[in-house]
Amino acid sequence: MKQFIYILIIYFGVLVSGFSQSKEYELIVPDLTNPWGFTFLPDNTMLITEKEGKLIHFKDGVKIEVQGVPEIYLRGQGGFLDIELHPDYQKNNWIYFTYVSSEGIGSGGNTALMRAKLKNNQLIDKEVLYKASPNTTRSQHFGSRITFDEENHVYFSVGDRDNRDENPQDITKDGGKIYRLNDDGTIPKDNPFVKINNAKKAIYSYGHRNPQGMRMNPLTKEIWSHEHGPKGGDEINIIKIGKNYGWPKVSYGVNYSGTKFTDNTSLPGMENPIYYWTPSIAPSGMAFINSDKYGSWKGNLLIGSLKFQYLTRCILKGNKVFKEVKMLKGIGRVRSIAQGLDGFMYVGVENLGIIKLLPK
């Protein structure tokens, strides 16, 4: 009899364990291929970019394709990228998004920032605020995430476009940079390189490889970003005005072949990451938990892993990552993360859709 009861306890323990794991998340928007970015409108409906070039308005359980999307240059890692609402969206209705455009100098494409308004599921009043140049047919390192600060400056990232030896360290060239604009696309007067001849006036920081996560820390109001390293050396950085983040002169990574391209992990005049991963996790998406829905998790930083297909919860102590907790293991390539209007965290997963992370 005791043996039978023991077996029952184990059996129901397995059932409960399986049930709790299955309730780690709830699928909200199914059947998406690559939800590169998403954001919530004031009515709690969602705008979702599919990398292939579609903008989806998810409303009342239905996916509606928005018309008037700009022509998307689809190549390799490039396509329709991030999307964010203006902080004063309810007053001005501006939506900002990054995408790869073939407009401008040269063949191929490069990353562009556009703003537009949405009316009857049609984009109107479209304005290109910035277009990186020149175009190139290289298929890697487009960036690109968007975020705003408290003064409504818009920040966006452009990767080095797979040209590490020319772009990231040269402030006269686009690529490998984080840019800052006024919300209308004009250049802030206090941008760091506005008085330097031939410099790209929109640059805020440089020496980046391929930033695919960026948010304002709601506690400190600083801009945080992460970026892909090569083989090893993915980084989390706090972005400071005019600073050089070192790529490719410093790195914790090596070439994909295993050979070194630098012996330096730190150099004078270059910012060190606050955290790095070796081996690389291929980070994408970033969001701070800034609600009480998750108890003690408030203030933690969520980052997705494309390579290892999990969500990592970074426990912070000040501006340092104290500990990582891996979640949603094996769920798929985690591409995008955002906090909803309801305070819950939502995660875009390739070939699955957008899920809601449920509190433990």
Look through the range 277-288, keep the residues that are under 30 Å from Asn255 (Cα atoms) and not in a loop (DSSP other than H, G, I, E, B), and return whichever of them is farthest from the chain's Cα centre (by Cα). Trp277
Within the range 338-353, does at least one residue satisfy the condition of being touching a Pro at 6+ places or on another chain (Cβ under 6 Å), part of a strand (DSSP E or B) and at positive phi? yes
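Residue under question is Glu50, and the condition is that it be touching a residue at least 12 places away in the same chain (Cβ under 8 Å), under 25 Å from Lys177 (Cβ atoms) and touching a strand residue (DSSP E or B) at 6+ places or on another chain (Cβ under 7 Å); does it hold?
Working: touching a residue at least 12 places away in the same chain (Cβ under 8 Å): yes; under 25 Å from Lys177 (Cβ atoms): no; touching a strand residue (DSSP E or B) at 6+ places or on another chain (Cβ under 7 Å): yes.
No: the conditions fail for Glu50.
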Condition first: free of Cβ contacts under 8 Å to residues at least 40 places away in the same chain, of a type in the set (Lys, Arg) and touching a Leu at 6+ places or on another chain (Cβ under 9 Å). Now tell me which residues in the range 80-117 satisfy that. Lys117
Looking at (1) modelled with pLDDT of 95 or more; (2) among the β-branched types (Val, Ile, Thr); (3) in contact with a Pro (Cβ under 8 Å, 6 or more places away or on another chain), find the lone condition where Ile105 falls short. (1)
Test Pro268 against the stated conditions and say whether it is surrounded by fewer than 16 Cβ atoms within 10 Å (Cβ to Cβ) and over 19 Å from Gly304 (Cβ atoms). yes
Looking only at the range 323-332, decide whether some residue is hydrophobic (A, V, I, L, M, F, W, C), out of contact with any Pro (no Cβ under 9 Å at 6 or more places or on another chain), free of Cβ contacts under 8 Å to residues at least 40 places away in the same chain and not in a loop (DSSP other than H, G, I, E, B). yes
Restricted to the range 152-189 and to residues being of a type in the set (A, V, I, L, M) and assigned to a strand (DSSP E or B), the residue nearest to Ser225 (Cα to Cα) is Ile178
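Does at least one position in the range 93-101 carry a residue that is farther than 22 Å from Ser157 by Cβ, crowded, with 20+ Cβ neighbours inside 10 Å and under 21 Å from the mean Cα position of the chain (by Cα)? Walk me through how you get there before you give the answer.
Here is the first cut: in the range 93-101, the ones farther than 22 Å from Ser157 by Cβ are 93.
So of that shortlist, the ones also crowded, with 20+ Cβ neighbours inside 10 Å come out as none.
Taking every residue of the range 93-101 in turn, none turns out to be farther than 22 Å from Ser157 by Cβ, crowded, with 20+ Cβ neighbours inside 10 Å and under 21 Å from the mean Cα position of the chain (by Cα).
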When only residues in the range 97-151 that are hydrophobic (A, V, I, L, M, F, W, C) and part of a loop (DSSP other than H, G, I, E, B) count, which is nearest to Ile203 (Cα to Cα)? Ala132
Select, from Gly295, Gly285, Gly269, the only residue that is on the phi > 0 side of the Ramachandran plot and in contact with a strand residue (DSSP E or B) (Cβ under 6 Å, 6 or more places away or on another chain). Gly285
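Determine whether Asn110 is buried (at least 22 other Cβ atoms within 10 Å of the Cβ), more than 30 Å from Pro30 (Cβ to Cβ) and of a type outside the set (A, V, I, L, M).
yes
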If you check Glu26 against the conditions, is it at pLDDT 95 or above, on the phi < 0 side of the Ramachandran plot, under 21 Å from the mean Cα position of the chain (by Cα) and not in a helix (DSSP H, G or I)? no
Among Gly61, Gly37, which is the only one that is small (Gly, Ala, Ser) and under 20 Å from Asn120 (Cβ atoms)? Gly61
With the condition kept exactly as written, say whether any residue in the range 81-88 is more than 19 Å from Val347 (Cβ to Cβ), under 20 Å from the mean Cα position of the chain (by Cα) and assigned to a loop (DSSP other than H, G, I, E, B). yes
Hey, among the residues in the range 277-315 that are free of Cβ contacts under 8 Å to residues at least 40 places away in the same chain and of a type in the set (S, T, N, Q), which one's surrounded by the fewest Cβ atoms within 10 Å (Cβ to Cβ)? Ser296
Any chance you could count how many residues in the range 289-307 are farther than 15 Å from Ser336 by Cα and assigned to a loop (DSSP other than H, G, I, E, B)? 8
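The rows are residues; the columns are (1) out of contact with any Lys or Arg (no Cβ under 7 Å at 6 or more places or on another chain); (2) of a type outside the set (Phe, Trp, Tyr); (3) surrounded by 18 or more Cβ atoms within 10 Å (Cβ to Cβ).
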residue	(1), (2), (3)
Pro134	yes, yes, no
Arg145	yes, yes, yes
Tyr155	no, no, yes
Asp162	no, yes, no
Glu166	no, yes, no
Val194	no, yes, no
Gly213	no, yes, yes
Glu222	yes, yes, no
His226	yes, yes, yes
Of the listed residues (Asp292, Asp263), the one being acidic (Asp, Glu) and closer than 30 Å to Gly61 by Cβ is Asp292
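The values are calculated or read from the model by the stated rules, or taken from the named source; none is laboratory data. Quick caveat: nothing in here was measured; it's all calculated off a predicted structure. For neighbour counting, all protein chains shown are included, and Cβ atoms are generated from backbone atoms with ideal geometry for every residue, glycine included.
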